[in-house]
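Single-structure report; data block below.
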Amino acid sequence: MELLRLPNKRSLFSEIIYIALNVALAVAVLGVVLAVESPYAAFLLVLLSKWRVLAVRPRYWFANLQSNLVDLIVGLSIVVLLYAAGSAFFVQVIITILYVVWLLFVKPRSKRSFIAVQAGTATFMGVTALMMVSYGWPSSLVIALMWVIGYSAARHVLGSYEEAHVSFYSLVWGLVFAELGWLLYHWSFAYSLPGSADIKLPQGALIALAVSFIAERAYASYEKHGSVHSNDMILPSLLSVSVILILLVFFNTVNVGAI
């Protein structure tokens, strides 16, 4: 909730109010989840917390929506995870604490490294939540939502650079995610987590995060040197490819939970 986001000269009182409102948002989401069986009320609460998107002239609505998509994806994903936790109250409390950490310590940061973390968090959580609930949905809807996740994350990162083609590159990365979404819709594995009730870790979320990490590092290298330097890409590529290969080779048949 962004009721008192003053970029400069925030008083101690406004800082306390800001912290209290964000904690109250996370606790309120948990309370709604515990009190109401349907997730729609919790989704609505998260959407209402972004009221400032529309608190400007209509011509700015679309731009504001795009700039808030990453935070919105994380918030909606939190709701999905809280409901998936079911009666595991301790797990729900942990998820709520993580949401508070996101709201207070991760989301407000403007350094480029934190922006990459924000985009990566939205990618991982968005794909995780989507894969957990979309097994009975039309494939076209899953593909469209995967496109939104990819587009939002790419635009969030590219916006921290002086890039003249932010929209075009974001659209392209959204297309990559849409294709990944089509693949995951037809071929998906998920791993059960100890003590986490019905929460499962989709293989696709890890793959999407690994691929996004490679792309981010490649763009950062290009932006810095004017070309992609192999020295900047060796470790990120080895790490990401190793994770993907380990998942595909060793964890496709062992202790796998179906989504």
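The values are calculated or read from the model by the stated rules, or taken from the named source; none is laboratory data. Computed from a prediction, not measured in an experiment: that's the story for all the values here. Every residue, glycine among them, receives a Cβ derived from its backbone with ideal geometry; neighbour counts consider all protein chains shown.
Every residue, every condition in (1) outside any loop (DSSP other than H, G, I, E, B); (2) farther than 23 Å from SER160 by Cα; (3) among the β-branched types (Val, Ile, Thr); (4) modelled with pLDDT of 90 or more, yes or no:
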position	(1), (2), (3), (4)
GLY181	yes, yes, no, yes
ILE207	yes, yes, yes, yes
ILE234	yes, yes, yes, yes
SER237	yes, no, no, yes
ILE259	no, yes, yes, no
Could you look through segment 107-119, keep only residues that are surrounded by fewer than 19 Cβ atoms within 10 Å (Cβ to Cβ) and of a type in the set (Gly, Ala, Ser), and pick out the one that is nearest to SER188 (Cα to Cα)?
SER113
Exactly one condition in (1) surrounded by 21 or more Cβ atoms within 10 Å (Cβ to Cβ); (2) at pLDDT 95 or above; (3) among the hydrophobic types (A, V, I, L, M, F, W, C) is false for MET131; which is it?
(2)
Against the condition over 26 Å from TRP147 (Cα atoms), buried (at least 17 other Cβ atoms within 10 Å of the Cβ), at pLDDT below 95 and of a type in the set (Val, Ile, Thr), how does VAL36 come out, does it pass?
no
Looking at (1) modelled with pLDDT under 95; (2) in contact with a Phe, Trp or Tyr (Cβ under 9 Å, 6 or more places away or on another chain); (3) of a type outside the set (S, T, N, Q), which one does LEU175 not meet, given that it meets all the others?
(1)
Cβ-Cβ below 9 Å, separation at least six or inter-chain, first residue in segment 227-240 and aliphatic (A, V, I, L, M), second surrounded by fewer than 16 Cβ atoms within 10 Å (Cβ to Cβ): which pairs?
VAL228/TYR222
SER140 passes all but one of (1) surrounded by 13 or more Cβ atoms within 10 Å (Cβ to Cβ); (2) over 17 Å from the mean Cα position of the chain (by Cα); (3) assigned to a helix (DSSP H, G or I); which number fails?
(1)
Restricting to segment 234-254, name every residue that is among the aliphatic types (A, V, I, L, M) and either surrounded by 10 or more Cβ atoms within 10 Å (Cβ to Cβ) or touching a Lys or Arg at 6+ places or on another chain (Cβ under 8 Å) (or both).
ILE234, LEU235, LEU238, LEU239, VAL241, VAL243, ILE244, LEU245, ILE246, LEU247, LEU248
Just to verify a result, which residue in segment 146-162, among those that are out of contact with any Asp or Glu (no Cβ under 8 Å at 6 or more places or on another chain), of a type outside the set (Val, Ile, Thr) and surrounded by fewer than 20 Cβ atoms within 10 Å (Cβ to Cβ), is farthest from ALA63 (Cα to Cα)?
GLU162
How many of the residues in segment 53-104 are within 15 Å of LEU25 (Cα to Cα) and of a type in the set (D, E, K, R)?
1
